[in-house]
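Here the structure comes first, spelled out in structure tokens, and everything after it is commentary.
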Amino acid sequence: MSHDSPHEGDLHDHDQARGHDRSQGGSELSEMDARVRALESLLVEKGYVDPAALDILIETYETKVGPHNGARVVAKAWVDADFRARLLHDATEAIASLGYTGRQGEHMVALENTARVHNMVVCTLCSCYPWSVLGLPPIWYKSAPYRSRAVIDPHGVLRDFDVMLADGVELRVWDSTAEIRYLVLPMRPAGTEGWSEEELASLVTRDSMIGTGLPKSADTRHVA
Amino acid sequence: MKPELFDQAALTLPALPRDAGGPVFRAPWEAQAFAMTLALHERGAFSWSEWGEALSEAIAEAGRAGDADTGEHYYRHWLTALERIAARKGLVTESLLRQRRDEWEVAARRTPHGQPIHL
């Protein structure tokens, strides 16, 4: 369960060429993840379950991994300048201070979206996806075509999600390594002055925290 | 997705972690285990009362082994119950499950980080 030991004779390092940090070698599965995959792959092979039907079921609930801890982290950073500074300086510590910790003490980094920079994260493929903060990864995110397109044509991927960046906004694409997981800190929507943290958190979507979406706008306010 | 499927499950399984909008999961594998159970039930692999029995059995067993039954490990017990009922119904065998689990772990280790893990 450790990424520490490099894999001797590992011939699967093609992605090095794209400039991603692949120095950590292989992926890892949690015990429960491996058990679920074992059962699912056997049931699919024998035709007892249809993988497409499973995906539809999971998609129904993909936004239902609760609570959405990441939304509260983002909302707090919007209202509390000190917390925001801490989050950008040491996200692991700032997130842990709210009581949200991952299982393996993974290192979190917060990426700040500004009027000039939009961040997008591409890797949600193995147990390195910080679901304790971000919730269940979307099904589409696991697909290899999406992943390679996000690297080759990130603007196109954003357009597919109806995210239009203003001219001159730089798009930065981040690929998690085994030890660093990213949380995008989206820009606070206009017209939300004076809102409570709770109201603000209701605007923060999972996709806005992986950079394939923007927070909901102020007119979708939840009356608490 | 048929909402009534979930309602039936919720009726049989009052302890299912949920909020007003349906079940909640804390990790992707929990949602996968849940979805597999609905899919198997839908094709008639077992009835909800059989499932309820298998789940209570797994939870009671964990309780005897010292699990505090706080809901923390709910889906761990859920998966144990699902593995067992699948074996009992002849869909899989325990030894196949063990072997396949090892294969996934090996596959993960040889897959570069960030790429989909395939057997």
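Bear in mind these aren't lab numbers, they're just calculated from the coordinates by the rules spelled out. These numbers come from a predicted model, not from an experiment. Don't worry about glycine lacking a Cβ; one is built from the backbone with ideal geometry, like all the others, and counts go over all protein chains shown.
Tabulated data for the structure shown
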item	result
Order by protection proxy (mean Cβ within 10 Å, highest first), peptides A:203-212, A:188-197, A:109-118	A:203-212, A:109-118, A:188-197
Shielding score for A:43-50, defined as the mean number of other chain Cβ atoms within 10 Å	5
Distance between modelled label sites at B:R84 and A:T220, nm, 7 Å Cα→Cβ extension	4.3
Charge context of A:M32, other residues only, Cβ under 9 angstrom, K/R +1, D/E -1	-1
R0 of 22 Å, Cβ-Cβ distance B:E42-A:E45: FRET efficiency to nearest 0.05	0.75
Contour excess over end-to-end distance, with Cα ends at A:E112 and A:L98 and 0.36 nm allotted per residue	3.2 nm
Sparse-neighbourhood loop sites, trypsin sites (Lys or Arg not before Pro) in the stretch B:86-119 - DSSP loop, at most 15 other Cβ within 10 angstrom	B:K89
FRET efficiency estimate (nearest 0.05) - Cβ-Cβ, A:S148 to A:D82, R0 41 angstrom	0.55
10 Å Cβ neighbours from other chains, averaged over peptide B:90-102	4
Other protein chain Cβ atoms within 10 Å, averaged over every residue that makes up B:38-50	2
Zone residues, the stretch B:80-101, relative to B:E61, backbone N less than 17 Å from point 7 Å out along Cα-to-Cβ	B:80-99
